[in-house]
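*Asks:* Handing you a structure now.
The values are calculated or read from the model by the stated rules, or taken from the named source; none is laboratory data. Model, not experiment: these values are computed from the prediction. Backbone-built Cβ (ideal geometry, glycine too); neighbour counts: all protein chains shown.
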Amino acid sequence: MLDFRWLKDMFQNQDLAVTRTGVAADCATQHRVPIFTVSGGDVLVYGIIGKVRAQKAAAGQLLAFNFTATGGASQVVAVASATTTGDVANKYYTWDGVLGNAPIVAQTGDAIGVGAVGSVLAGTSGAMNVFCPGVIDMTTSVADDGTGLIDWTIWYKALSVGAVVTAL
């Protein structure tokens, strides 16, 4: 029998990122959409970044994030953002890691407010949060026309062997 214990050690204490590709139904109606699940143990989350893949409609949506621990109640992670009216492809949204803060909507051009600055991601405060097993949701404030697509990436570190974030 082969022994692959070395494989888990190779990824222990490594920064990881998972991207969830957006689908039209995410923004089509006013609702909560599960985007990530945390399982197998606790993770330290550095931030969540969204990239518009297909232009959003002029519906004036606000975006927010909630977290529901397995067997627990929903909690606010990030309150409603600035309006995302008609945001074009390659526009970025960032969440600064501070619980209760709104996601930052890039104002103009590609990747405004996103990039490496020292050890802190620009557009973030560098705040980190421990998430136990559960589900992270994106909530939209109003219906879009179903054309807007946002790819979401979560940047994290597993705090225990077997802890992982999976895109839903």
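*Asks:* Considering region 28-60 alone, what residues qualify as being at pLDDT 90 or above and either assigned to a loop (DSSP other than H, G, I, E, B) or at positive phi (or both)?
*Replies:* G40, G41, D42
*Asks:* Please enumerate the residues belonging to region 61-80 that are over 22 Å from V18 (Cβ atoms) and at pLDDT below 85.
*Replies:* Q61, L62, V79, A80, listed by residue number.
*Asks:* Hey, another quick one. When both residues are 6+ apart or on different chains and their Cβ atoms are under 7 Å apart, which pairs have a first residue that lies in region 65-88 and is in contact (Cβ under 8 Å) with a residue 40 or more places away in the chain, and a second that is exposed (fewer than 14 other Cβ atoms within 10 Å of the Cβ) and of a type in the set (S, T, N, Q)?
*Replies:* Listed pairs, sorted by first residue: N66/Q75; F67/Q75.
*Asks:* Same structure again: Given the conditions (1) surrounded by 12 or more Cβ atoms within 10 Å (Cβ to Cβ); (2) modelled with pLDDT of 80 or more; (3) of a type in the set (A, V, I, L, M, F, W, C), which single one is not true for A89?
*Replies:* Unmet condition: (2).
*Asks:* Can you run down the residue pairs with Cβ atoms below 7 Å, 6 or more apart or on separate chains, where the first is in region 152-168 and touching a residue at least 40 places away in the same chain (Cβ under 8 Å) and part of a loop (DSSP other than H, G, I, E, B) and the partner is of a type in the set (F, W, Y) and surrounded by 20 or more Cβ atoms within 10 Å (Cβ to Cβ)?
*Replies:* Correct list of pairs: L168/F36.
*Asks:* Just one of the numbered conditions (1) modelled with pLDDT under 75; (2) surrounded by fewer than 13 Cβ atoms within 10 Å (Cβ to Cβ) is not true of G100; which one?
*Replies:* Every listed condition holds for G100 apart from (1).
*Asks:* If you take the residues in region 119-148 that are in contact with an Asp or Glu (Cβ under 8 Å, 6 or more places away or on another chain) and buried (at least 19 other Cβ atoms within 10 Å of the Cβ), which one is modelled with the lowest pLDDT?
*Replies:* Filtering first and then ranking leaves G123.
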